[in-house]
Amino acid sequence: MPKLQGFEFWSRTLGGARHVVAPMVDQSELAWRLLSRRHGAQLCYTPMLHAQVFVRDANYRKENLYCEVCPEDRPLIVQFCANDPEVFVQAALLAQDYCDAIDLNLGCPQMIAKRGHYGAFLQEEWDLLQRMILLAHEKLSVPVTCKIRVFPEIDKTVKYAQMLEKAGCQLLTVHGRTKEQKGPLSGTASWEHIKAVRKAVAIPVFANGNIQSLRDVERCIQDTGVQGVMSAEGNLHNPALFEGRSPAVWELAEEYLDIVRRYRCPLSYVRAHLFKLWHHTLQVHQQLREELAKVKTLEGVAAVNQELKLRCQEDISRQEEGEKPSGGLPFFHWICQPYLRPGPREGSKENGGARSKRALEEEEGGTDVLSKNKQKKQLRNPHKTFDPSLKPKYAKCDQCGNPKGNRCVFNLCRGCCKKRAFREAADCPGHGLLFKTKLEKSLAWKGAQSRLQEPQPAGSGEPGSLPEVVGSALA
């Protein structure tokens, strides 16, 4: 059967999917996908997978894709991050029999993507992207798709999308934010960019960004003309978003835990999902936040979930007639609802309002207030300190700036010391590097071997002289 392309692929293979669950690292695992499908999702993506690791590590493949066969989990698109055409295609070939399409991640804006040189940090390398998409389009038996972020300029974004389409991309998801829009600086996604792309290409387009309710989904489709709408954070806080419902949190939390008992996943995934679902309630019952962070088993997580349910039911029983939700929430805290990420404060006239995430954190609470990540670390280790004045001071390596070895003869870190010692055939006892010693022993051994192989006059050897020769050579 020939490979379907473009709108035929979207309508026949994907069933004309309009409600899409985004690829989310450690969050769009099988159990969560099944929960989302039960509540209106028509297409799901796997979490982003690293192509290079997928190729070389059989366990990684088994844990992330080659798990139990689940007919309910289709249609499914597997997403990879990659920056090498051959590696991307090798990974895709290993995955294509388990999915309906392969997606190339060109939208991840996180620092880890910058260090790994993938995601949104490839968006200026059009020649490389053309080669990756073209090779995948030629070699795979399933279509190749892409998820991108926009450029500030609409014209450049349109040309970018057209380039990907020409290379062989069969479906394009456009996140209407730039790669700089993330965390506290997320801002609002531009549907104008998405609308312009939709008009300029002849393949299906999904929109991503600003989706918190079914009303947003319908409005986005109407305003932009896209074929489908993808939700990430909105789905995490309300998996029933595509049904247009806002049920009690415990209803979906208990259903999710039941699915996890059948389709196991790391406990960290489960904990993270419950933190999202119970986000607003955990602002009220903060002691249970600590309990949820500390539990080590699925049964422990379920027990905290049950306690949160009981607390909410007590709050409902004490609710007075006509009482309205507190904290500016649209619903009471025990109802699934969107989480509106707080935006940055308006910048001062001097800096024009553009400030870094670090500057915003310092403004919020100064140096005395720990970030959420540091609070979690301190919860696990109460003796841990983040006071810079109490941290030990290390002498730096003369070459790279990393901490140097205290007894290094070259005043370098281990990595730099190893390179120099190898290059100069030197020893560094401080780092346990003995290149000179090993070389001398090797030469002595070779010299002894060559002397042993030389013919000797009859009767010239003394009994016991052979061990003495070898011993003296190796000494």
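The values are calculated or read from the model by the stated rules, or taken from the named source; none is laboratory data. All of these numbers come straight from a predicted model, not from anything done at the bench. In this analysis, Cβ positions are derived from the backbone assuming ideal geometry, glycine residues included, and neighbour counts consider all displayed protein chains. With ligands, DNA and RNA removed, areas are computed over all heavy atoms of the protein, side chains included. Shrake-Rupley method; radii C 1.70, N 1.55, O 1.52, S 1.80 Å.
Every listed requirement among (1) among the small types (Gly, Ala, Ser); (2) open to solvent by 20 Å² or more (accessible area, probe 1.4 Å); (3) part of a loop (DSSP other than H, G, I, E, B) is met by ALA41 save one, (2).
Kindly check whether there is at least one residue in region 65-72 that is assigned by the TED database to the domain that holds ALA202, open to solvent by less than 20 Å² (accessible area, probe 1.4 Å), of a type in the set (Ser, Thr, Tyr) and under 26 Å from ASN235 (Cα atoms). Checking region 65-72: not a single residue is assigned by the TED database to the domain that holds ALA202, open to solvent by less than 20 Å² (accessible area, probe 1.4 Å), of a type in the set (Ser, Thr, Tyr) and under 26 Å from ASN235 (Cα atoms).
Checking the structure you have, find out if any residue of region 102-110 is open to solvent by less than 20 Å² (accessible area, probe 1.4 Å) and of a type in the set (Asp, Glu). Let's see the steps before the verdict.
In the first step, residues of region 102-110 are kept if they are open to solvent by less than 20 Å² (accessible area, probe 1.4 Å); the result is 102-107, 109.
In the following step, the residues that additionally are of a type in the set (Asp, Glu) were identified as 103.
Checked region 102-110: at least one residue is open to solvent by less than 20 Å² (accessible area, probe 1.4 Å) and of a type in the set (Asp, Glu).
The set of residues in region 188-212 being open to solvent by less than 40 Å² (accessible area, probe 1.4 Å), at negative phi and not aliphatic (A, V, I, L, M) consists of SER190, TRP191, HIS193, PRO204, PHE206, ASN208.
Restricting ALA253, ALA293, ALA303 to residues that are modelled with pLDDT of 95 or more, outside the structural domain of ALA196 (by the TED database) and under 26 Å from the mean Cα position of the chain (by Cα) narrows the list to ALA253.
Within region 217-231, take every residue that is open to solvent by 30 Å² or more (accessible area, probe 1.4 Å) and free of Cβ contacts under 8 Å to residues at least 40 places away in the same chain and give me the one that is farthest from SER246 (Cα to Cα). Talk me through it step by step, then tell me what you get.
We begin by selecting, within region 217-231, every residue open to solvent by 30 Å² or more (accessible area, probe 1.4 Å); these are 218-219, 221-223, 225.
Retained after the next criterion (residues that are free of Cβ contacts under 8 Å to residues at least 40 places away in the same chain): 218-219, 222-223, 225.
Values: GLU218: 17, ARG219: 18, GLN222: 23, ASP223: 24, GLY225: 26 Å.
Checked region 217-231; the qualifying residue farthest from SER246 (Cα to Cα) is GLY225.
For region 215-228, the condition holds for at least one residue, the condition being that it is at pLDDT 95 or above, within 30 Å of GLU63 (Cβ to Cβ) and not β-branched (Val, Ile, Thr).
Could you list all residues from region 80-130 that are more than 19 Å from VAL55 (Cα to Cα) and assigned to a helix (DSSP H, G or I)? Answer for region 80-130, where residues must be more than 19 Å from VAL55 (Cα to Cα) and assigned to a helix (DSSP H, G or I): MET111, ILE112, LYS114, ARG115, ALA120, PHE121, LEU122, TRP126, ASP127, LEU128, LEU129, GLN130.
If I filter region 304-325 for residues that are open to solvent by 30 Å² or more (accessible area, probe 1.4 Å) and within 25 Å of ALA232 (Cβ to Cβ), do I get at least one hit?
Quick first cut of region 304-325, residues open to solvent by 30 Å² or more (accessible area, probe 1.4 Å) only: 306-307, 309-311, 313-314, 316-325.
Those still in the list that are within 25 Å of ALA232 (Cβ to Cβ) too: 325.
Taking every residue of region 304-325 in turn, at least one turns out to be open to solvent by 30 Å² or more (accessible area, probe 1.4 Å) and within 25 Å of ALA232 (Cβ to Cβ).
The requirement of being modelled with pLDDT of 95 or more, surrounded by 24 or more Cβ atoms within 10 Å (Cβ to Cβ) and either farther than 24 Å from GLY15 by Cα or touching a His at 6+ places or on another chain (Cβ under 8 Å) (or both) is not satisfied by VAL158.
If you go through region 178-233 and keep only what is of a type in the set (Gly, Ala, Ser), over 27 Å from the mean Cα position of the chain (by Cα) and in a helix (DSSP H, G or I), you end up with ALA196, ALA200.
In region 125-145, is there at least one residue being open to solvent by 20 Å² or more (accessible area, probe 1.4 Å) and within 16 Å of the chain's Cα centre (by Cα)? Looking through region 125-145, none of the residues is open to solvent by 20 Å² or more (accessible area, probe 1.4 Å) and within 16 Å of the chain's Cα centre (by Cα). The set of residues in region 354-385 being more than 20 Å from LEU185 (Cβ to Cβ), at pLDDT below 75 and among the hydrophobic types (A, V, I, L, M, F, W, C) consists of LEU370 alone.
Just name the residue that is surrounded by the fewest Cβ atoms within 10 Å (Cβ to Cβ) out of those in region 243-290 that are assigned to a helix (DSSP H, G or I) and touching a Ser or Thr at 6+ places or on another chain (Cβ under 9 Å).
LEU267
LYS418: modelled with pLDDT of 90 or more and open to solvent by 100 Å² or more (accessible area, probe 1.4 Å), yes or no? Taking the combined requirement at face value, the residue satisfies it.
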